[in-house]
Amino acid sequence: MKITDIKTFLVHPGTGKNWLFVKVETDEGIHGWGEAYTQADRDRSIEITVQQLRRYLIGRSPFDSKHFTFMAYTDFATRRGSMEFYCAVSGIEHALWDIVGKATGQPVYNLLGGAARTQIRVYANGWGGGGSLDKLIDAAKGVVARGFTALKFDPFPNPWRAYIARRDEDTAVERVAAVREAVGPDVEILVEVHRRLAPMHAVRVARRMEPYRPFWYEEPVSARDMAGLAEARREINLPIVTGEELYTKAEFRDVFEQRAADIINPDVCNCGGILELREIAAMAEVYHVVVSPHNYNSTTIGLAATVHAAAGMPNFLITEYFVNFEEVGKAIANPLVPVNGMITLPTAPGLGVEINEEVLAHYAYQEFPNRNLRRPEDETPI
């Protein structure tokens with residue numbers, strides 16, 4: 001079996017960012033689907049990178065995915081990684097696994113050592129972290145009413161930066177307290193910080209949030225300052241998460257060696273793919289670190305790739321599900337759907353999800369609205 005073509009589909013789901021799907025075709029009529037992580041204003045460059053990788057794959061076997069990822073980094077990227085590169089490689093790698101699963105008649109997780117569980121727990125995101133406090137409370141209750149037992153949101157009101165004004169800190173704590181009261185003691189609240197704080201501020205805010213028992217405290221300090229993140233973790237009594245901004249095993253090594261996090265959240269659509277996520281998880285396991293894959297992707301291919309990677313992962317904890325993407329996901333594919341916060345492992349060959357190309361045509365790509373660069377006068381003094 002040889003690869004004959006690689007196609008890309010950049011579509012807009014009507015809310016949030018554009019999605020990028022990758023279709024790999026073969027000379028035996030078997031095709032595979034993958035999904036690359038996208039970010040506003042960089043989605044076109046990621047798509048172009050997929051297209052540039054095409055000539056490195058035509059005529060090759062789809063079974064050789066490990067060789068492809070190594071070759072792509074060594075020869076194509078000349079050992080100079082980037083967000084665009086890792087996103088593109090990840091999307092292609094998913095599609096190769098999808099082909100191999102279909103060719104062998106097995107779900108992908110069976111080709112990775114089998115399953116360690118029959119269901120994958122998910123937490124709800126994209127349910128509405130902004131707006132008034134009343135709207136936030138109503139939205140949180142709505143998520144719980146749908147059967148989710150865990151939800152994540154970013155309670156901070158102001159732009160990402162290394163300090164936080166006292167009024168913004170008060171607002172963040174107030175929102176976490178309000179959500180806890182709204183959902184009760186048995187629903188997990190996951191606090192997102194988006195790498196915006198310096199260690200001293202991260203520690204102070206975490207201590208104020210502790211009475212509301214957050215399930216975790218995600219990316220309080222950027223992993224690009226690994227020593228600062230490790231410093232914060234030593235002073236914070238909540239589980240610390242990092243990994244969303246890191247790619248491949250090489251970048252996660254320092255997290256483990258510096259004991260900078262309790263939980264990591266690599267994204268299968270940008271960390272290097274399904275096998276790379278499994279290898280990162282294997283490294284984490286020996287350091288007593290658990291894995292909760294990030295999944296700011298569609299609820300179709302990206303979610304399916306995460307589920308297959310997580311199925312046999314001994315140190316898997318929970319993964320992400322964007323409820324605001326659910327409706328479009330169902331329109332364009334046969335996605336995996338959570339019931340009471342759990343996704344049952346698919347049994348179909350490959351990833352178990354197929355995209356309807358004709359329907360994709362109704363979700364045309366949209367440019368992200370212009371954003372003004374931050375000006376000095378916009379900044380609030382410490």
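The values are calculated or read from the model by the stated rules, or taken from the named source; none is laboratory data. These numbers were taken from a predicted model, which means no experiment stands behind them. Positions of Cβ are generated from backbone atoms using ideal geometry, with glycine treated the same way; all protein chains shown enter the neighbour counts.
Structural remarks
- Residues of region 147-178 satisfying the condition of being crowded, with 16+ Cβ neighbours inside 10 Å and under 20 Å from Y296 (Cβ atoms): F148, A150, L151, K152, F153, D154, P155, F156
- Subset of region 312-328 (residues that are buried (at least 24 other Cβ atoms within 10 Å of the Cβ) and part of a helix (DSSP H, G or I)): F325
One line per residue, one yes/no per condition, for (1) among the β-branched types (V, I, T); (2) more than 19 Å from the chain's Cα centre (by Cα); (3) in the same structural domain as D168 (by TED's automatic domain parsing); (4) surrounded by fewer than 18 Cβ atoms within 10 Å (Cβ to Cβ):
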{"residue": "R224", "(1), (2), (3), (4)": "no, no, yes, yes"}
{"residue": "I240", "(1), (2), (3), (4)": "yes, no, yes, no"}
{"residue": "Y247", "(1), (2), (3), (4)": "no, no, yes, no"}
{"residue": "A260", "(1), (2), (3), (4)": "no, yes, yes, no"}
{"residue": "N265", "(1), (2), (3), (4)": "no, no, yes, no"}
{"residue": "R278", "(1), (2), (3), (4)": "no, no, yes, no"}
{"residue": "V286", "(1), (2), (3), (4)": "yes, yes, yes, yes"}
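- Top-ranked residue of region 118-141 - restricted to ones that are in a helix (DSSP H, G or I) and among the charged types (D, E, K, R), ranked as nearest to D267 (Cα to Cα): K141
- Checking R233, R259 one by one, the residue that is of a type outside the set (A, V, I, L, M) and out of contact with any strand residue (DSSP E or B) (no Cβ under 8 Å at 6 or more places or on another chain) is R259 and no other.
Quick grid of which residues meet (1) touching a Gly at 6+ places or on another chain (Cβ under 9 Å); (2) of a type in the set (D, E, K, R):
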{"site": "K2", "(1), (2)": "yes, yes"}
{"site": "H12", "(1), (2)": "no, no"}
{"site": "E28", "(1), (2)": "no, yes"}
{"site": "T38", "(1), (2)": "no, no"}
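- Flag for A95 being closer than 23 Å to A311 by Cα, of a type in the set (G, A, S) and in contact with a Lys or Arg (Cβ under 8 Å, 6 or more places away or on another chain): yes
- Test: T306 is hydroxyl-bearing (S, T, Y), under 15 Å from the mean Cα position of the chain (by Cα) and within 16 Å of V89 (Cα to Cα): yes
- Pairs with Cβ under 8 Å, 6+ apart, first in region 58-78 and over 15 Å from A95 (Cα atoms), second outside any helix (DSSP H, G or I) and aliphatic (A, V, I, L, M): G59/I3
- Segments classed as strands (runs of 3 or more DSSP E), wholly inside region 1-117, with at least 3 members that are farther than 23 Å from K249 by Cβ, modelled with pLDDT of 95 or more and more than 20 Å from the chain's Cα centre (by Cα): 3-11, 19-26
- Any hit, region 98-118, residues being of a type in the set (D, E, K, R), touching a Pro at 6+ places or on another chain (Cβ under 6 Å) and surrounded by fewer than 24 Cβ atoms within 10 Å (Cβ to Cβ): yes
- Residues that are under 28 Å from N340 (Cβ atoms) and either of a type outside the set (S, T, Y) or assigned to a helix (DSSP H, G or I) (or both) do not occur anywhere in region 194-206.
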